[in-house]
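Since the structure comes first, as structure tokens, the remarks are kept for the end.
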Amino acid sequence: MPSEKLSGDTMELTHESVSKLAAQPWTVAICADASRQIGSGHLMRCLSLARALRQIGAEVRFYYAAWPGHADTWLNAQGFHGELLDFAVDNFLADEDAKDSANVWSPLWQQQYGHACVKAWQPWLQSLNTQATSSVHRTIDWCIYDNYGLAADFVKVIKPSCRQLMAIDDLANREHPVDLLLDQNAVFGMQTRYQTMLPADCTQLLGPQYALLRPEFYSSSMPITAQTSSARSYQQVNRILVSIGGSDTVGLTERLCKLLFAQQVFADISLDVVVGSAYEKITELTELIAARANSRLFVQTNEMASLMRQADLAIGAGGSSQWERALTHLPSLVVAVADNQQPGCEYLQHLGAIQYLGRVEQVSDELLLNAITEIIENKDLRQALAERAYALMAIAQNDASPSATQVLYSGAEKVARKMSFLSTLATLALRQAETADAELLFTWANDPYVRAMAFSKAPIAWATHLAWFEQKRQDASTDIWICEQFGQAVGQCRLNAITPLIGEIHLNLNPACRGLGLAAAMIAKASQASIARHQWQEIHAVVKLSNHASLRAFIRAGFQPTRQEQCYGEECQWFSFSPTPIAKS
């Protein structure tokens, strides 16, 4: 009995073993292609996400097809394992209709490609099953596909081997029976464009605040709010950055260079030109740029963020690079070089965030020259474009109340944290507390950190705790949920009614499980369970402003900050949660 261990109404704490989730990496499989035809954008944004996932303990592996211009060597050089899928690329390329329409792949392609992916993954799946123990069946925790050729057929085949699935898309033209969907773009009707294509419980991350950009674009010196003005000077244009995409199959890069080089009025403006390793006419472009003294060529560079900060104006394509330019306050002239870029470009033009010139086949040399001349001469236009684009990124703190320490997360970090949250949520189980749990909860409640964060800091006596525990267990309006993960108790959430329609929540983590990202999932799961049980319309919570970890956990769980006031002499933040799907965005 605890009374036998007590000394002055306290007891020596015996921590539970650390959660099994922390003891093993969670596995993530990413299916994303790069080629001369489709470019490298899909792979690049997935690489940013992979880096963020690895930082929080994930084991990431890439799978892709051996298209001409694939990035196998380059990806491995970034420190990630890539595996080429073993199927006949030549047969796919023989399909003239598909070859000419890389952004809208046929259903047959989707089915064949999906089966090819599964076949290529079998050795890895088998190795995971071989390592599985009797208590934990190891499988792929997340499968992510960022590929216009994959959709419902692929999900159906791979789902039995994956705990959860995620789609990265921007077309909104096919069904995705997944747990999480990311579309980092901004278009008209963004919030409803997938409503008929997803399961009802799918979490959606929509908008450029989730853009999967490399960490270097999120400078430590960056202003914390979108309202803060940039340190960039817009007085004149001394350097122009030209970047149309890694492969630029439309030939706009060379065309722009020849056009700018031929105009004496631009002679004093330096030019930085960026292409990828898949660019086919690299020899011709190298010779062209070498002939101009104040021009530089960069091939598959890692210096993009630096180049954007050095430039005063960008001429580029739509897609992910728009968000890179936005984060660096770089005004831009934009040309759509693919079908899927056009809706986003039109929307950003509507918002005044870019100067959109149209589809590449409709943009004449005369239009290009007039637009470049006009924007160079208009300082106010350049500044307005840059500031409106930057404001779209919504990069201010994401997971803390205004009173807590401000935290700046990149889009990739936000997505990785959401995946971690959903993974934890899927592995948590709830049960109502039993008499045998009294000692466990007593131990947790008397942990020094818990007492320091509590309104009443005095140690709790066993007799006092036992009487309280039994009274709460018998109260029909109170739930004491024991949260378990892989059969281990990781914490408890207590919810009780404060009116017939409103409840309040309190929680306590197993001290050995702090820092594993469990609190937010515990809060969300217990809140939904008690709402379902009692039909509450709202749940309240109060957290001390000094408890930054709890403040972030409640917001990650979907609670909204309402008011700040003193409670028992402490400055506190109140939160409210309504019975909506868990932590939707």
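The values are calculated or read from the model by the stated rules, or taken from the named source; none is laboratory data. Because the structure is predicted, anything quoted here is derived from the model rather than measured. A quick note on method: Cβ atoms are made from the backbone with ideal geometry, for glycine too, and the neighbour counts reach across all protein chains shown.
Could you identify the single residue in 452, 467, 436, 489 that is closer than 19 Å to residue 521 by Cα and small (Gly, Ala, Ser)?
Details: 452 fails: closer than 19 Å to residue 521 by Cα; 467 fails: closer than 19 Å to residue 521 by Cα; 436 fails: closer than 19 Å to residue 521 by Cα.
The conditions single out 489.
Sort through 441, 466 and tell me the only one that's hydrophobic (A, V, I, L, M, F, W, C), part of a helix (DSSP H, G or I) and within 20 Å of residue 514 (Cα to Cα).
On the way: 466 fails: within 20 Å of residue 514 (Cα to Cα).
Result: 441 is the single residue among 441, 466 that is hydrophobic (A, V, I, L, M, F, W, C), part of a helix (DSSP H, G or I) and within 20 Å of residue 514 (Cα to Cα).
Can you pull out every residue in the stretch 337-359 that is buried (at least 18 other Cβ atoms within 10 Å of the Cβ) and modelled with pLDDT of 95 or more?
Passing the criteria: 345, 347, 348, 353, 354, 355, 356, 357.
Does any residue in the stretch 147-163 that is within 13 Å of residue 115 (Cα to Cα) come within less than 7 Å, Cβ to Cβ, of a residue that is acidic (Asp, Glu) six or more places away or on a different chain, and which pairs are these?
Qualifying pairs under 7 Å: 151/175; 152/175.
Taking residue 330 as the residue in question, decide whether it is touching a helix residue (DSSP H, G or I) at 6+ places or on another chain (Cβ under 7 Å), at pLDDT 95 or above, in a loop (DSSP other than H, G, I, E, B) and of a type in the set (A, V, I, L, M, F, W, C).
yes
Take residue 455 and decide whether it is surrounded by 12 or more Cβ atoms within 10 Å (Cβ to Cβ) and not aliphatic (A, V, I, L, M).
Taking the combined requirement at face value, the residue does not satisfy it.
(1) modelled with pLDDT of 95 or more; (2) part of a loop (DSSP other than H, G, I, E, B); (3) under 29 Å from residue 294 (Cα atoms): which one isn't true of residue 242, the others all being true?
Going through the list (1) modelled with pLDDT of 95 or more; (2) part of a loop (DSSP other than H, G, I, E, B); (3) under 29 Å from residue 294 (Cα atoms), residue 242 breaks only (2).
Any residue in the stretch 281-295 that is surrounded by fewer than 17 Cβ atoms within 10 Å (Cβ to Cβ), at positive phi and either assigned to a loop (DSSP other than H, G, I, E, B) or within 30 Å of the chain's Cα centre (by Cα) (or both)?
No, the stretch 281-295 has no match at all.
Are there any pairs, at least 6 apart or on different chains, whose C-beta atoms fall under 6 Å, with the first in the stretch 242-268 and in contact (Cβ under 8 Å) with a residue 60 or more places away in the chain and the second of a type in the set (A, V, I, L, M) and part of a loop (DSSP other than H, G, I, E, B), and if so, which?
The qualifying pairs are 246/278; 247/278; 250/337; 252/244.
Of all the residues that make up the stretch 336-370, how many are in contact with a Lys or Arg (Cβ under 7 Å, 6 or more places away or on another chain) and not in a helix (DSSP H, G or I)?
Initial filter on the stretch 336-370 (in contact with a Lys or Arg (Cβ under 7 Å, 6 or more places away or on another chain)): 336, 342, 351-353.
After this cut, where a residue has to be not in a helix (DSSP H, G or I) as well, the list is 336, 352-353.
Summing the residues that are in contact with a Lys or Arg (Cβ under 7 Å, 6 or more places away or on another chain) and not in a helix (DSSP H, G or I) in the stretch 336-370 gives 3.
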